Number of protein chains: 2
Amino acid sequence: MPSTTISFARGAPSLDIVDVDGLRAAADRAFAKDPAGLTGYGKGTGYGPLREWIADQHDVDAEHVLLTNGSMQADAFLFDAVVASDDTVIVELPTYDRTLLSLRGRGADIRAVELESDGVDVAALERVLKTGAGPKLAHLIPNFQNPAGYTLSLAKRQQLVELARAYDFLIFEDDPYREVRFSGESLPTMLSLDTDPGRPGSGQHVVYASSFSKIVCPGIRVGYLVAQPELIAKIAKLAVNTYIAPNQVAQGIVNQFVRSEAFPASITKVKTELATRAAKLGEALNRELPDARFEVPEGGYFMWVELPKGTDVAALHAAAAERGVVFTKGTDFMLEGGEAALRLAYAGLTVPEIEEGVTRIADAYRSLAAPAVDAA
Amino acid sequence: MPSTTISFARGAPSLDIVDVDGLRAAADRAFAKDPAGLTGYGKGTGYGPLREWIADQHDVDAEHVLLTNGSMQADAFLFDAVVASDDTVIVELPTYDRTLLSLRGRGADIRAVELESDGVDVAALERVLKTGAGPKLAHLIPNFQNPAGYTLSLAKRQQLVELARAYDFLIFEDDPYREVRFSGESLPTMLSLDTDPGRPGSGQHVVYASSFSKIVCPGIRVGYLVAQPELIAKIAKLAVNTYIAPNQVAQGIVNQFVRSEAFPASITKVKTELATRAAKLGEALNRELPDARFEVPEGGYFMWVELPKGTDVAALHAAAAERGVVFTKGTDFMLEGGEAALRLAYAGLTVPEIEEGVTRIADAYRSLAAPAVDAA
């Protein structure tokens, strides 16, 4: 029995790629420069200077932005504001397990549309629209999707914005990984594609969400939405009634951090490390587990691995745990299916841990009976 | 027209009674001592060391404690866990406006029981219980109540715990002001009175809530619940599904602050200043507005002022605003009634501001027609 469990399950960075010194210095500046702003209740929309910074990033006015205690809280408010029980919501298949849980909890009629390696199957999504499904929202993770690691192509982004306009639904562009692209070219957000030329902030059909968990740190719990001011005002009211205002101290620290030289340096470090980890994970899988099919992602935290049809990943999960390695089963990200798939999160592991972890998974895989390809 | 509006409306401290230097130093120590704990996701129950510290304060084990992003978020989770639509909930009359709003939003059957200067009218509350109301929860603010400033007597605390046991309902002891008592003797919590001698944590009928907003600062947004571990576990699940975990950075800073010498020194400063402000407010009212009836509180942020029956406080509010002074109308804290009452929050104002503010309110009062005592 190995002494230390290696976890491919948690979508969190290892401490060595968090700029603790930069954060410590940012905290010091934040309290020194704006003691009233940090210590007072503040507004339900969040710490003003950070709201302005985010607005600038997306070329909108600040009233398009609302900060929350982590982006899952933003999702929850958005769903409370927009999705009633029995409303149709489109999600990707597979998708983030917490989003599925949150939508299920609200009684949404969830329609899952297959994810391809260049993003959601737009033709399949259009067929759902043509049945008159009339969705309120389509939840899409455009960059380095969780759990698949895939990225939505530019052509599909454009098609999706056209569909949202034609069928009048909201695209919920859930984009926490955008800044951690380590290869390939950055693609425009659907938020920007929905904007008419020369009219910043004019888009009506995209709500954008992101967070600082992947580019500052998760424990700081700062997420945000970018949307039309009317919707932001509605959500701000929900926020005030829930907690008066989100964390001003944390947002003040983020504000100082992102406006300093430490920020680009920190992102470079994160990207360099993640690129190495993703590449080494791919190499280890090719070497140790040749049955595995996967694409090495261009960014983000996750790799999706398909094993031969009939592989019992639930049994693999148990056999792997016995060998001191954990991952997340594909079924956790799907309403149905995914029995032969798994998600490997590599952001929290060093290269030696990744290599040892894959060795253990491969050993667990070999311990299973040969997959019964033709079984019912 | 006065150049600067004086606000008696906001329940927030002025910056001069917030220990910004102490917080700044605490932030520095927190990042230096526990970088992994501060920057990682952490647990839905909150930052471990602070959870332990709170548990020690209340003589319970840590599994009785859950930390949240401000105590209103704790209230919201508690209501979600315990109060279904049409469930009966007892509140004080008057009570905190945001609690009323939150309970109304959940469709609770709200029964308001008159507040006396020594706390809720226990005989009236017992009459409600005897009708078979079967409340799930009685929401009580025991110390320096918001909005009234009154404190629940020891005898009534004991009676309420007996009633909660006899009629099997939960007392929600909402206690953010406990540590800011500036005169008189501190009274035991109902949480402690519900505990059997020699059996720490044994009480079944009190859920305790408090926050660091009044003893550290509001912008840090750290609140907490103390309850039976089963209920805490249920609420932790709601918390994880809502936001994964509360703010670890903010809670790490609070943890360092409350364990340092800066903390007792800061509380002493807060209490000294609040005592002066409350006393000066009382003196100014006696001098400028002899029609006002009030009790100078023994702690906390608020003074409740009753004007002669028939006084139109809504009109007074408007006339005061014209003179550059705002307060909160009594009606905001009641399901009905309160038309001749107002709440004055003095924690955010200096003594000169308090004196000038009362002068303006008195001028506004004199500008109204004489109160029509016998009017319908």
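Structure notes:
- Neighbouring partner chain Cβ atoms per residue of A:243-255, average, 10 Å criterion: 6
- Residues whose amide H lies under 5 Å from that of A:L93, counting only those 5 or more places away or on a different chain, are A:V113, A:E114, A:L115; hydrogens are built 1.01 Å from N in the peptide plane.
- Beta bridge orientation in the protein assembly as shown: antiparallel %, DSSP, nearest 5: 50 percent
- A P(r) calculated from all alpha carbon pairs of the protein assembly as shown, with 10 Å bins opening at zero, reads 3, 13, 22, 23, 19, 12, 6, 2, 0, 0 percent.
- Residues A:S7, B:S202 in ascending order of nearby Cβ atoms (within 10 Å, fewest first): B:S202, A:S7.
- Counting, for every residue in A:235-242, the Cβ atoms of other protein chains within 10 Å of its Cβ and taking the mean gives 3.
- Using a simple spin-label model with pseudo-atoms 7 Å out from Cα toward Cβ, B:V351 and B:D118 lie 3.3 nm apart.
- For the stretch A:101-196, the relative contact order comes to 27 percent (Cα pairs under 8 Å, sequence separation of at least 6).
- Dipole check for the stretch A:26-258: with +1 at the C-beta of Lys and Arg, -1 at the C-beta of Asp and Glu, and the Cα centre as origin, the magnitude is about 520 Debye.
- Close Lys pairs in the stretch B:20-258, defined as Cα atoms under 28 Å apart and 8 or more places apart or on different chains, number 12.
- Nm distances between copies for A:A123, ranked from closest, using label points 7 Å along Cα→Cβ: 8.1
- By the compact-protein rule of thumb, 2.2 N^0.38 Å, the alpha-carbon radius of gyration of the stretch B:232-328 corresponds to a ratio of 1.67.
- Expected 222 nm ellipticity per residue - DSSP helices of 4 or more, -39500 (n - 2.57), all of the protein assembly as shown, to 500: -13000 deg cm²/dmol
- Relative contact order %, the stretch B:60-129, counting alpha carbon pairs below 8 Å whose residues are six or more apart: 27 percent
- Other protein chain Cβ atoms within 10 Å, averaged over every residue that makes up A:15-21: 3
- Global geometry of the stretch A:1-152, whether rounded, prolate or oblate, following the gyration tensor of its Cα atoms and the 1.5 cut on a/c: oblate
- Remark: relative contact order (the stretch A:26-258) = 31 percent; criterion is Cα-Cα distance under 8 angstrom and separation of 6 or more residues.
- Computed from the alpha carbon atoms alone, the convex hull of the stretch A:243-282 holds 77 Å³ per residue.
- Cβ charges +1 (Lys, Arg) and -1 (Asp, Glu), total dipole of the stretch A:153-292, debye: 340 debye
- Whole-percent pair-distance distribution, where bins are 10 Å wide, for the alpha carbons of the stretch A:268-376: 15, 49, 29, 7, 1
- Gyration tensor (Cα) of the stretch B:146-251, equivalent ellipsoid semi-axes in angstrom: 25, 21, 11
- Taken over chain A, the percentage of Cα pairs per 20 Å bin, counting from 0 up to the bin with the maximum distance, is 28, 56, 15, 0.
- Along the axis of the charge dipole computed for the protein assembly as shown (Cβ charges of +1 for Lys and Arg, -1 for Asp and Glu, origin at the Cα centre), the listed residues A:L50, A:S260, B:T5 are led at the positive end by A:S260.
Bear in mind these aren't lab numbers, they're just calculated from the coordinates by the rules spelled out. For clarity, every value in this text was computed on a predicted model and none was experimentally measured. Cβ coordinates were reconstructed from backbone atoms using ideal geometry, including for glycine residues, and neighbour counts include every protein chain displayed.
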